[in-house]
Amino acid sequence: MRALRGRAEHTFWPVGRAGLVLGLCLLPLPILFASLLLGRMGLGARDVWASLFGGAVPETVRALVLRVRLPRLLAAALVGANLAVSGAAFQGIFRNPLVESRILGVSAGAGFGAALAMVLRSGPAGIQILAFAGGLLAAGLAVTLGSAFGGGILVLVLSGVLVSSFFSSLVSLVKYFADPYVQLPGITFWLMGGLSAVRWADILPLAVASAIGLGGLLLLRWRLNLLTLSEAEAQSLGLSVRRLRFLTVALGTLLTAAAVSVSGVVGWVGLIVPHAARALVGPDHLFLIPASAGLGAAVLLLFDNIARTTLPTEIPLDILTGLIGVPVFFLLFMRQIKRGGGWR
């Protein structure tokens, strides 16, 4: 714990960590307000303010702000926060900076659930329900397999890789039998991620799952710090490592499954954002979890703005995050190899 505190104190910002975390948590608010101005139909700040707080404004403008842009932007903020926090938690418990929230096959399971719902013509609500259930099923299967063979970190990771590959194959099978003119394009675009279909009905379930997951990980914050130690050291301090690891995996899976069920597959946010937050506030999860949430929300809001305003047609989010995430991941990977002394 002393080592954790020592590393956390060597952040390069000349302000206290608590103030910096508060600033990161508030960062999405001005970005969200500015995002309400952007779109095919540009709006002024006065019109947006009046729409939000009941001022005099044309009904078309009010509907655009309150029914179209605001729910989409709230969903973007929640999805970004969920992916970033689950990535930070998984990197901590697996003690691996190259791990992200998709390590247990959650995204692949959610993709299978969504693809199956589209083939069954279940409608938007059915897509979200089956995507959420598929993500939980995949993670539950990975954890069950890992627990059956000892519950170690390596076993969990290998179980996640196998489960992810299995559900990816199931997605391909569903795509093979899907209608190539209607269902197949829908499945393909959903798997590339996007928030264009978000409505107010999607926000409450996402917000509830986010509150449970984020609140649970915050309550476990000091135990998560202990999980970054070796397993023997953590057990010597009286910690039930396996139970805590599975509880953390469950909360992180809940966050990821809820996010993916609304946005589709959005990669790299859960890998890159925790590293940025850790560089700013240190590895202590008391500061890292809220910092990751605020920074993740801000980052995905910015990506969503680019996705919906750059071209005449909307760019899928997973393409944008991949174009930036892959080079950053490569740099992190090479840095990790250099620290380890080469390929191992």
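Annotations for the structure displayed:
- Residue within segment 3-11 that is at pLDDT 95 or above and either surrounded by fewer than 18 Cβ atoms within 10 Å (Cβ to Cβ) or among the hydrophobic types (A, V, I, L, M, F, W, C) (or both) present: no
- Residue within segment 189-211 that is in a helix (DSSP H, G or I), within 30 Å of I319 (Cβ to Cβ), free of Cβ contacts under 8 Å to residues at least 24 places away in the same chain and of a type outside the set (G, A, S) present: yes
- Test result for L73, at pLDDT 95 or above, crowded, with 24+ Cβ neighbours inside 10 Å and among the hydrophobic types (A, V, I, L, M, F, W, C): yes
- Residue count for segment 271-304, restricted to those that are at pLDDT 90 or above and surrounded by fewer than 18 Cβ atoms within 10 Å (Cβ to Cβ): 1
- Of all residues in segment 252-270, those satisfying the criterion of being under 11 Å from V85 (Cα atoms) and either small (G, A, S) or surrounded by fewer than 22 Cβ atoms within 10 Å (Cβ to Cβ) (or both) are G252, G270.
- All positions within segment 34-86 that are among the small types (G, A, S), part of a helix (DSSP H, G or I), out of contact with any Leu (no Cβ under 7 Å at 6 or more places or on another chain) and within 25 Å of T313 (Cα to Cα): A34, A63
- Single residue of L73, L98, L154 found to be closer than 28 Å to A276 by Cβ and without any contact (Cβ under 8 Å) to a residue 24 or more places away in the chain: L154
- Some residue of segment 213-231 being farther than 22 Å from I153 by Cα, buried (at least 22 other Cβ atoms within 10 Å of the Cβ), of a type outside the set (G, A, S) and in contact with a Ser or Thr (Cβ under 9 Å, 6 or more places away or on another chain): no
- Residue in segment 247-263 that is under 17 Å from G23 (Cα atoms) and at pLDDT below 90 present: no
- When residues in segment 18-68 are screened for being surrounded by 14 or more Cβ atoms within 10 Å (Cβ to Cβ), among the small types (G, A, S) and under 30 Å from the mean Cα position of the chain (by Cα), 5 of them pass.
- Among the residues of segment 17-69, those that are in contact (Cβ under 8 Å) with a residue 12 or more places away in the chain, of a type in the set (V, I, T) and more than 30 Å from D284 (Cβ to Cβ) comprise V48, V61, V65.
- Conditions (1) closer than 21 Å to V119 by Cβ; (2) buried (at least 18 other Cβ atoms within 10 Å of the Cβ); (3) among the polar types (S, T, N, Q): number failed by S169: (2)
- Criterion: buried (at least 24 other Cβ atoms within 10 Å of the Cβ) and modelled with pLDDT under 90 - qualifying residue of G160, G140, G123, G111: G160
- In segment 133-151, the residues that are touching a helix residue (DSSP H, G or I) at 6+ places or on another chain (Cβ under 7 Å), over 13 Å from L254 (Cα atoms), without any contact (Cβ under 8 Å) to a residue 60 or more places away in the chain and small (G, A, S): A142, G146
- Residue check, Y176 among the aromatic types (F, W, Y) and not in a helix (DSSP H, G or I): no
- Qualifying residue in segment 221-230 (condition: polar (S, T, N, Q) and part of a loop (DSSP other than H, G, I, E, B)): yes
The values are calculated or read from the model by the stated rules, or taken from the named source; none is laboratory data. Since the model is a prediction, treat every value here as computed from it, not as a measurement. Using ideal geometry, Cβ is built from the backbone for each residue, glycine included, and neighbour counts are taken over all protein chains shown.
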